[in-house]
1. Treating the stretch 9-84 as a set of equal point scatterers at the Cα positions, no solvent, please give the Debye-formula log₁₀ I(q)/I(0) at q = 0.20 Å⁻¹.
2. Please give me the summed charge of the neighbours of Tyr64: other residues whose Cβ is under 10 Å from its Cβ, Lys and Arg +1, Asp and Glu -1.
3. Order by neighbour count: Ile110, Ile69, fewest other Cβ atoms within 10 Å first, most last.
4. Around Thr17, with a cut-off of 13 angstrom between Cβ atoms, what is the net charge of the other residues, counting Lys and Arg +1 and Asp and Glu -1?
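Nothing in this text is a laboratory measurement; each read-out follows from the coordinates by a stated rule. Keep in mind it's a predicted model, so treat the numbers as computed, not measured. Glycine also receives a Cβ, built like all others from the backbone with ideal geometry; neighbour counts cover every protein chain displayed.
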Amino acid sequence: MLVSPALAGGNLLFYITDEANNPLEFAAVSLEGRYGGYTNADGVFLFSNIPKGEYEAKITIIGYRDTSITVEVLEGKTGRYSVALSSEVLKAEVAEKTPEWELFRQEVTIGQNRFSEDEFASLPAVEKVDPPRSVIRFPGATVRNDLFCQMNIRGLGAEYQKVVVGGASVYNPYHIGGVLSIFSGDNVRSLTLYKGALPPRFGGRIGSVLEITPKVGDYE
């Protein structure tokens, strides 16, 4: 089989170590993004049948400075390169706990949806008049129909839902058979619907919990 001179190539053998000459396993070795692989437990990686020519070899591994060298592939030969990497201290920014952190922690809770005060204030007037109606904005939640504001959560009726206002359970939150609720939307600071994985502090319902946090006055 004849090989065109333009395609004839050779091999490259890399031996990657740290500053103390200890072999580095899983160091990434690449040739200009076209060829690449990882060193073995002995810090060795072999490129086979690479077209002849010059390449920029890049070696990277976490905890060490990225290193680039120029290598040359000769026809029918194996070039050997030993590279010692310098260690690098990884610096991370100091994490600060902000007020938004608590909100983020709550938002990622499984089966929980929440309206902040600003979000609730931006809802249509018909939903702000009766806060339970706003649950239609959440997945898996609806109300009985356009007339009634009783909640249906994942197919379970109002008798399976619990309503908590300011930490106190409300056992009869609706008037006129469910047409109106007893809540004033003007007094809502936040509204949270728990549809699953109910916190232990809530009990007595198997459907969901609607927690309404009222606004706090200035006591003057």
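1. Debye intensities relative to I(0), on a log10 scale: -0.78.
2. Summing Lys/Arg as +1 and Asp/Glu as -1 gives -3.
3. Values: Ile110 8, Ile69 12.
Going from sparsest to densest Cβ surroundings: Ile110, Ile69.
4. For residues surrounding Thr17, the net value is -4.
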